[in-house]
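To start, the structure under review is shown below, and the notes come after it.
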Amino acid sequence: MTLKNYVIKPFENVQEKTLLLIGLSAGVVNCYLSTLTYSRSIAILKQATINKNPSLLQTLGDYVITSLIMAIALFLLGRVINKRTRFIDIINTVLIARIGLDISVVFDINGYMSSIVNQLLKNPQNPELLLQSDPWAMIYLIIVSLVSILMLVLFGYYIYQGFKTATHLKKTSMIIVFVITILAVDTLTRYITRLY
């Protein structure tokens with residue numbers, strides 16, 4: 001096996017315990033790094049800007065709640081598709097797929113990205129003011145935006161590959177239900193994580 005095979009199809013080529021260890025380790029590192037930012041991962045697909053650094057307890061809570069709710073929902077859907085779907089395969093799918101999105105937290109260390117966004121939100125009709133006051137901020141914003149789009153595509157790729165491998169997903173109708181489930185759970189967790 002080449003490294004390429006491990007990266008492109010980890011759910012087929014890497015042991016489940018290894019995937020779980022990688023996913024959990026990446027999650028713990030992300031939770032710690034999140035305490036250095038001014039944002040919280042209130043859902044797998046949503047980072048919320050806040051006025052201060054979140055606590056480690058908040059970031060761990062966000063991570064556990066969003067991962068578990070997504071895994072449970074996908075596991076239930078997986079059992080509808082294939083009765084032999086295993087929870088370990090689904091939780092690994094969620095944990096590995098979210099690594100790319102979780103990496104984006106480093107863009108806001110010390111609140112730099114949050115301050116750029118806040119400047120833009122203060123003057124949405126005049127974004128050129130940001131360019132005039134801090135040209136590097138606009139370049140940084142463009143780079144972060146492009147990398148974030150790439151990370152979102154990688155999330156979609158890995159969550160689909162993992163779910164497909166775990167459930168033997170084939171029907172187009174079930175693929176549509178799969179996408180709707182992800183979006184619905186992501187919306188739901190946004191409300192749950194704001195409760196604390």
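Pairing residues of the stretch 129-150 that are closer than 13 Å to PHE107 by Cα with residues that are part of a helix (DSSP H, G or I) and not hydrophobic (A, V, I, L, M, F, W, C), at Cβ distances under 6 Å and at least 6 apart in sequence or on separate chains, gives SER148/SER104.
Among the conditions (1) closer than 23 Å to THR189 by Cα; (2) touching a residue at least 40 places away in the same chain (Cβ under 8 Å), the only one that ASN118 does not satisfy is (1). Exactly one residue among ILE96, ILE142, ILE159, ILE176 is farther than 22 Å from ILE50 by Cα and surrounded by fewer than 12 Cβ atoms within 10 Å (Cβ to Cβ), and that residue is ILE176.
Quick grid of which residues meet (1) touching an Asp or Glu at 6+ places or on another chain (Cβ under 6 Å); (2) farther than 21 Å from TYR63 by Cβ; (3) modelled with pLDDT of 95 or more:
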position	(1), (2), (3)
PHE155	no, no, yes
ILE159	no, no, yes
LYS164	no, yes, yes
THR167	no, yes, yes
PHE178	no, yes, yes
THR181	no, no, yes
LEU195	no, no, no
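Within the stretch 9-38, the set of residues being within 18 Å of THR167 (Cα to Cα), in a helix (DSSP H, G or I) and among the β-branched types (Val, Ile, Thr) is empty.
Only a single criterion out of (1) surrounded by 19 or more Cβ atoms within 10 Å (Cβ to Cβ); (2) at pLDDT 95 or above is not satisfied by ASN30, namely (2).
Among residues of the stretch 46-81 being outside any helix (DSSP H, G or I) and crowded, with 19+ Cβ neighbours inside 10 Å, the one that is modelled with the lowest pLDDT is GLN47. Surrounded by 11 or more Cβ atoms within 10 Å (Cβ to Cβ), touching a Gly at 6+ places or on another chain (Cβ under 9 Å) and touching a residue at least 40 places away in the same chain (Cβ under 8 Å): does that describe THR193? Against the criterion (surrounded by 11 or more Cβ atoms within 10 Å (Cβ to Cβ), touching a Gly at 6+ places or on another chain (Cβ under 9 Å) and touching a residue at least 40 places away in the same chain (Cβ under 8 Å)), THR193 qualifies.
The values are calculated or read from the model by the stated rules, or taken from the named source; none is laboratory data. As the structure is a computational prediction, the values presented were derived from the model and not from experiment. Note that we place each Cβ from the backbone using ideal geometry, even for glycine, and neighbour counts take in every protein chain shown.
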